[in-house]
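Please treat every number below as a calculation from the coordinates, not as lab data. For clarity, every value in this text was computed on a predicted model and none was experimentally measured. Here the Cβ positions follow ideal geometry from the backbone for every residue, glycine too, while neighbour counts run over all protein chains shown.
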Amino acid sequence: MTTHTLSGTELTLSSGDYTARVVTVGAGLAGLEWRGHRIVLPHGADQVPPAYMGKVLVPWPNRIAGGAYTWQGRRYSVPVNEPDLGTALHGLAAWTDWRVVHADSDSATLGLFIAPTYGYPWPLQAWVTYAVDAARGLSVTVSTKNIGQAAAPYGTGIHPYLTVDERPADSYELTLPASSALTTDASLIPTGRVAVDEAGVDFREPALIGGRSIDHAFTGIEAEGAWSASIVHRGTGIGAVITADTPWVQVYSGEQVSRRGVAIEPMTCPPDAFNSHTDLVALEPGQTHSMTVGIHGFAL
């Protein structure tokens, strides 16, 4: 373990052909390598990573319009941290230093007490477990327990950028088994839902990203149980796969990271779910919600 001032404590996990780097600030995935190939876009432990690279998103993923929402008849406001769009982005824990609960050579668990605030007055205890397996790759499990006395609005997601050695997103074939995508306004708040072919983002069959700019929330995922999405670099045949069982996934072509990777973000709910209540979890007192995501490499 190495402690830094910008991303907290760095942990290195390895098994077989996989090596993962985890940092305690934001319980973040700072990199994943398979057979020497970078398959998750890395950042240094002494950096503030751009564009939420690798962060765990609790107690909501994506955006809340205007930072304001209503829950059980009461109006709440959380800080707007995306001032250009006027939204509250990616929860309350992405820039907090989580504590190391457990760490060994191939797994680590980080924990965080999310204290109640005026804008989110429900105390939560969250844990993130990273585990590397020689056969299955990396698994990331996010578990959150409501330790308060009233039901809390809740959602979660993670924010890895899949890559193949930081080659341009234009050179990847993307496969994503989703049949519909959200339309959004200028603040990236949902306005409707359309078929992926109508939106020009149909990746149900492998398709080259090319010059397309993607920043869409997808749903209508055509899979029983866990789904898989992947990128593969046409020139090398090296690829990365992410698996989850969430009903939503955000895909972003990575302009803020010079398109060196593609963010594929499993989410339990869509953007602005704190207002629409679409797939929003009502986390009851004493209840624990868990989400598991897997990432592994492959070669054609």
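So which residue, out of 101, 25, 257, gets the largest mean-square fluctuation from a GNM of the chain using Cα contacts under 10 Å as springs?
Of the options given, 101 has the highest mean-square fluctuation.
Using a simple spin-label model with points 7 Å from Cα along the Cα→Cβ vector, what separation in nm is obtained for residue 207 and residue 134?
Label at residue 207, label at residue 134, 4.0 nm between them.
Could you run the Karplus curve 6.51 cos²θ - 1.76 cosθ + 1.60 with θ = phi - 60° over segment 99-108 and give me ³J(HN,Hα) per residue in whole Hz, x for Gly and Pro?
8, 7, 7, 7, 8, 9, 5, 10, 7, 8
In a Debye calculation with equal point scatterers on the alpha-carbon sites of segment 10-299 and no solvent, what is log10 I(q)/I(0) at q = 0.13, 0.15, 0.16 Å⁻¹?
-0.85, -1.15, -1.32
Cut-off 20 Å, label point 7 angstrom out along Cα-to-Cβ of residue 74: give me the residues of segment 275-299 whose amide nitrogen falls inside.
Once the point is set 7 Å along Cα→Cβ of residue 74, 275-277, 280-287 turn out to lie under 20 Å by backbone N, inside segment 275-299.
Would you please state the base-10 log of I(q)/I(0) at q = 0.15, 0.22 1/Å for segment 143-272, with intensities from the Debye formula using one equal scatterer on every alpha carbon?
-0.70, -1.37
Give the average over all directions of the projected area of the C-alpha convex hull of segment 229-278, one decimal, in nm².
4.4 nm²
So what's the back-of-envelope 222 nm ellipticity for the chain, counting only DSSP H runs of four-plus at -39500 (n - 2.57) apiece and dividing by all residues, rounded to 500?
For the chain, the value works out to -500 deg cm²/dmol.
How many nm separate the modelled label positions at residue 115 and residue 223, each set 7 Å beyond the Cα in the direction of the Cβ?
That separation, rounded to one decimal, is 3.8 nm.
Say a site is exposed when it is one of the GluC sites (Glu not before Pro), sits in a DSSP loop, and has at most 16 other Cβ atoms within 10 Å; what is then the longest site-free stretch of the chain?
Longest run free of exposed loop sites: 1-165.
Tell me, what HN-Hα J-couplings in whole Hz come from the Karplus equation 6.51 cos²θ - 1.76 cosθ + 1.60 at θ = phi - 60° for each residue of segment 289-300, using x for Gly and Pro?
Rounded to whole hertz, the list is 10, 10, 9, 10, 10, x, 9, 8, x, 7, 9, 6.
What fraction of the Cα pairs in segment 76-160, stated in percent, has a spacing above 16 angstrom?
Summing the P(r) tail past 16 Å for segment 76-160 gives 61 percent.
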